[in-house]
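A.B. asks: Take a look at this one; I'll ask things after.
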Amino acid sequence: MIDLYYAPTPNGHKIALFLEEAELAYRLIRVDISKGEQFRPAFLEVSPNNKIPAIVDHEPVDGSAPLSLFESGAILVYLAEKTGKLLSQEPRARFTTLQWLFWQVGGLGPMLGQNHHFNHFAPQPVPYAIERFQVETQRLYNVLNKRLETSPWMGGEDYSIADIACWPWVNAHERQRVDLENFPAVKNWFERIRTRPATVRALQKAQAG
């Protein structure tokens, strides 16, 4: 059993998508970040950076005490290693997948997150910031589109943790003022993942509570 500390954000959705794809048993523990629950001492023991997602694996691979992990990229790699799913063991495919995972963690997520913030949450408009992060958002979508013009999935021939990491951010494209019609390869990829049974289940659980 895995405890998933979760909020319905792109980073939270990543781990739910993996757990549903891998058909792992998990308990979803909601953290209401609007009420500051991410700063509670019990949660900080699991996620010292006071961010979701985080997990506690009660049956870790080493068979010892429960293992807690934070940072979505690290969690995805851990779960892929544990299950042997969604991350190839063939070196070339493996590191192709990991480079796109790290691209998401270091670029796509943070830049689109800033886009969300300055477009929707900043207490007053900051035109320079809005323009800066909108331009960077468009650049990153172009990078993603070029990748998907030449490969069916981010990591190559197979669906992987790189796709799982990127998709929830693209799922928020309307909030980013992005029209997927301008990125046809991204749109095709987006729709293929949106209709996967595991994606449907994960989003239904997010909406349920």
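A.B. asks: Could you tell me whether Leu87 is touching a Lys or Arg at 6+ places or on another chain (Cβ under 7 Å), outside any helix (DSSP H, G or I), among the hydrophobic types (A, V, I, L, M, F, W, C) and touching a residue at least 12 places away in the same chain (Cβ under 8 Å)?
C.D. replies: yes
A.B. asks: Now for a separate question. State which residue is farthest from Trp103 (Cα to Cα) when the search covers only region 116-165 and only residues that are surrounded by 13 or more Cβ atoms within 10 Å (Cβ to Cβ) and basic (Lys, Arg).
C.D. replies: Ranking the qualifying residues of region 116-165, first place goes to Arg132.
A.B. asks: Against the condition surrounded by fewer than 18 Cβ atoms within 10 Å (Cβ to Cβ), of a type outside the set (Lys, Arg) and modelled with pLDDT of 95 or more, how does Pro168 come out, does it pass?
C.D. replies: Details: surrounded by fewer than 18 Cβ atoms within 10 Å (Cβ to Cβ): no; of a type outside the set (Lys, Arg): yes; modelled with pLDDT of 95 or more: yes.
For Pro168, the condition - surrounded by fewer than 18 Cβ atoms within 10 Å (Cβ to Cβ), of a type outside the set (Lys, Arg) and modelled with pLDDT of 95 or more - is not met.
A.B. asks: Of everything in region 123-174, what is touching a strand residue (DSSP E or B) at 6+ places or on another chain (Cβ under 6 Å) and either under 14 Å from Pro110 (Cα atoms) or not hydroxyl-bearing (Ser, Thr, Tyr) (or both)? Give them in sequence order.
C.D. replies: Asp163
A.B. asks: Return yes when Pro48 is touching a helix residue (DSSP H, G or I) at 6+ places or on another chain (Cβ under 9 Å) and outside any helix (DSSP H, G or I) and no when it is not.
C.D. replies: no
Matching residues to (1) acidic (Asp, Glu); (2) open to solvent by 70 Å² or more (accessible area, probe 1.4 Å):
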position	(1), (2)
Glu23	yes, yes
Lys35	no, yes
Phe43	no, no
Asp57	yes, no
Val61	no, yes
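A.B. asks: Right, next: Suppose we filter region 196-209 for residues that are open to solvent by 10 Å² or more (accessible area, probe 1.4 Å), part of a helix (DSSP H, G or I) and at pLDDT 95 or above; how many remain?
C.D. replies: Total meeting the criteria: 3.
A.B. asks: Within region 169-195, which residues are part of a loop (DSSP other than H, G, I, E, B) and closer than 19 Å to Phe133 by Cα?
C.D. replies: Asn171, Ala172, His173, Glu174, Arg175, Gln176, Arg177, Val178, Asp179, Phe183
The values are calculated or read from the model by the stated rules, or taken from the named source; none is laboratory data. The model shown is predicted, which means the values in this text are computed figures rather than measured ones. Ideal geometry is used to build each Cβ from the backbone, glycine not excepted, and the neighbour counts take in all protein chains shown. We work out accessible area using only protein heavy atoms, side chains counted, and drop any ligands, DNA or RNA first. Shrake-Rupley method; radii C 1.70, N 1.55, O 1.52, S 1.80 Å.
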